[in-house]
1. Looking for something more than 30 Å from residue C:198 (Cβ to Cβ), in contact (Cβ under 8 Å) with a residue 12 or more places away in the chain and crowded, with 18+ Cβ neighbours inside 10 Å - is there at least one such residue anywhere in segment B:29-46?
2. What's the total number of residues in segment C:163-209 that are closer than 30 Å to residue B:38 by Cα and either part of a helix (DSSP H, G or I) or within 14 Å of chain B (Cβ to nearest Cβ) (or both)?
3. I want to confirm something. Restricting to segment B:122-139 and keeping residues that are within 18 Å of the chain's Cα centre (by Cα) and either within 11 Å of chain A (Cβ to nearest Cβ) or surrounded by 24 or more Cβ atoms within 10 Å (Cβ to Cβ) (or both), which single residue is farthest from residue B:172 (Cα to Cα)?
4. Test residue C:82 against the stated conditions and say whether it is in a loop (DSSP other than H, G, I, E, B) and surrounded by fewer than 24 Cβ atoms within 10 Å (Cβ to Cβ).
5. Which condition breaks for residue B:169 when tested against (1) surrounded by 24 or more Cβ atoms within 10 Å (Cβ to Cβ); (2) more than 7 Å from chain A (Cβ to nearest Cβ); (3) within 19 Å of the chain's Cα centre (by Cα)?
6. Is one or more of the residues making up segment B:140-154 over 24 Å from residue C:44 (Cβ atoms) and within 10 Å of chain A (Cβ to nearest Cβ)?
7. Just one of the numbered conditions (1) more than 30 Å from residue C:104 (Cβ to Cβ); (2) without any contact (Cβ under 8 Å) to a residue 40 or more places away in the chain; (3) in a loop (DSSP other than H, G, I, E, B) is not true of residue C:259; which one?
8. Can residue A:9 be described as away from chain C (no Cβ under 14 Å), modelled with pLDDT under 80, over 29 Å from residue B:86 (Cα atoms) and assigned to a helix (DSSP H, G or I)?
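The values are calculated or read from the model by the stated rules, or taken from the named source; none is laboratory data. In this text, all values refer to a predicted model and were calculated from it rather than measured experimentally. Neighbour counts are summed over all protein chains in view; Cβ atoms, including those assigned to glycine, are modelled from backbone coordinates with ideal geometry.
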């Protein structure tokens, strides 16, 4: 039937999502009516081992974390390419295998390069 | 149509309640298992053998004061625990508990679960950032780097399963598995299973990979500033995440709902046994191992698990093309 | 907020870009085992500098001692190192006995050795658990506590208390031990010897444990000597120095025991040394229990002690290292000046050097491996 592109399967996923969302929000909102609430400064200050925080953690941070994030983006996208290939592997046979070997080889080349550059070693 | 929708909602309510009950008693199970491994009894006071402990905990957390740090970033701080919980719970939708019994048996089930588990990591990162506390911030940063690193390993570890089953649909994977020579993929995919088990621990932030919340260094990590029911939402999210990961492991490697013989009237039994076996594995590891260091965790993920998983993909390809054909 | 001098790092650091930040570890932090505060300067996950701030639990014990009679000070000693209260008891009574030249009957000396070594084992067991807890393993903590509990029961049966003992008296001990106590001690020695291999099975051979400890926080011999490090940390570097062996006090020269040493001086060496010391303490107790003579447990000393003029220094080996009690007397009922040289203080002094350039997790691991008792540092 044209027009009903969204399969009903996904509707139930959406329902569950909304249900979970509703549960989370309702539990906090409803509880708000029942909980006691006696805030004061010492209770509300951010935790730093019993001291007043010296500064907010809004500083620039070690570049290492970003490097990992970039590597992740590269590798995860490449992994995604493996999925459709894996699904239809049976149907494509030897040709697909050879092709994917080349792909994985390219992926490994980048991996070895990153390793050699020390991107995978956590150093300051 | 209306009846169908109502039935779906009814199903969701039932599954949701059952899952919540399982989460509650997964905490009880954990405390009992770890307690007995540590020469103590675990909860004993509330109800017979402490059976009502999870309920008492829930009530306590519900009525606890909701402390909201002055410096926190309000909308993000509100959203983070809900993101965690919603992402974990939504994954439940595509898991088949027994033949034909899944809220939604979509074609890309496995991919959907991977996507949702990444979203749960996002909640942790946001929580660390929004709290505006250094311990939480460090926890959030660690979580971000760790979760994304192990996601690659996990994603690669199940490629072998996809190749063998030829599908991303969870039910199809189980059916294909039942027809395979060993009945479970854990044997031909032993390498993938190993990588999956390790990545599973890291993805759910469990010991020895509990970097984001290691209490001896970061106090409570990303949820340092969270109190009362907001904290409980993180907790629920983590345990639902564990159940989801254990279910994925069961479906992809341990044969899902199939068992050595059929149990009448109670088709979920094999699935549940396998899931609880994997959950027990989580607890067992927690009671045994010290925590890895951060750089060692990253090295393990990038330098050991990813090559292993890639090797597994190539090995599976070779075996499928030349040996099992 | 740098108006408070304690919140600023007191040491100049080489510039490393502006990605560093200050993190307060403690006084209210699970990793510092007490009210110790460490101001950590960090760059990402790395620690650039770690500056311990002391004094949160300062009680002026040394000043208090000047205003108390010698026997009134006895219970206060236990409050300094609550994990090795009997070692502190021993240091104080031995110092005063040395000052006043009191005799101690043989049986009392044996009782002291048995109880103080039991206390040493309980302290090491607690350290074992707490250190592994710092590394993230929960089970060893509770297993060690279960075994330590038995020692506490034993000591309770003779001293009457479980943690802050006040059992020794000038010229002897408070009350005699019974034969059933000796039997129980022998049973316990047998029990713990059977238990120790399971400790090693659980922890020593664990790959993660080895990755987390081997070569981490290594101290060289010269550094150890420079910083005045004593106890298992010093022995971990390979220097075989134990007050019980090098300047024997009490009756330690009558017993055969080894002084275990490590090689690398790192966390793992400290771990091994302490675990071996548990075994050596068991040996000492065994010898003492089998050879304990009959006789009086207390010599005659006046009720109110008036020490002669003079000064005395008494060194004992506590589980954490060398404790020196230094008393200056000008006659009279109270000491003129008292000084305690406590092991944890000197052991902490090397922490800053060890922490620089390490990952935060390693820094907490090193801190745990030093086995600090904060009330002892603050006094």
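1. Step one: filter segment B:29-46 for residues more than 30 Å from residue C:198 (Cβ to Cβ), giving B:46.
Subset that is in contact (Cβ under 8 Å) with a residue 12 or more places away in the chain: none.
The answer is no, given that none of the residues of segment B:29-46 is more than 30 Å from residue C:198 (Cβ to Cβ), in contact (Cβ under 8 Å) with a residue 12 or more places away in the chain and crowded, with 18+ Cβ neighbours inside 10 Å.
2. The first filter runs over segment C:163-209 and keeps only residues closer than 30 Å to residue B:38 by Cα, leaving C:163-165, C:180-209.
With the extra rule that they be either part of a helix (DSSP H, G or I) or within 14 Å of chain B (Cβ to nearest Cβ) (or both), the set shrinks to C:180-209.
Number satisfying all stated conditions: 30.
3. The first filter runs over segment B:122-139 and keeps only residues within 18 Å of the chain's Cα centre (by Cα), leaving B:122-125.
Then keep just the ones that are either within 11 Å of chain A (Cβ to nearest Cβ) or surrounded by 24 or more Cβ atoms within 10 Å (Cβ to Cβ) (or both); that gives B:123-125.
Details: B:123: 31, B:124: 32, B:125: 34 Å.
Among those residues, the one meeting the criterion is B:125.
4. Working: in a loop (DSSP other than H, G, I, E, B): yes; surrounded by fewer than 24 Cβ atoms within 10 Å (Cβ to Cβ): yes.
Taking the combined requirement at face value, the residue satisfies it.
5. Of the numbered conditions (1) surrounded by 24 or more Cβ atoms within 10 Å (Cβ to Cβ); (2) more than 7 Å from chain A (Cβ to nearest Cβ); (3) within 19 Å of the chain's Cα centre (by Cα), the odd one out for residue B:169 is (1).
6. Going residue by residue through segment B:140-154, those that are over 24 Å from residue C:44 (Cβ atoms) are B:154.
The next check asks that each one be within 10 Å of chain A (Cβ to nearest Cβ); those that pass are B:154.
Checked against the condition, which is being over 24 Å from residue C:44 (Cβ atoms) and within 10 Å of chain A (Cβ to nearest Cβ), segment B:140-154 yields at least one hit.
7. (1)
8. Details: away from chain C (no Cβ under 14 Å): yes; modelled with pLDDT under 80: yes; over 29 Å from residue B:86 (Cα atoms): no; assigned to a helix (DSSP H, G or I): yes.
Here the answer is no, as residue A:9 does not meet what is asked.
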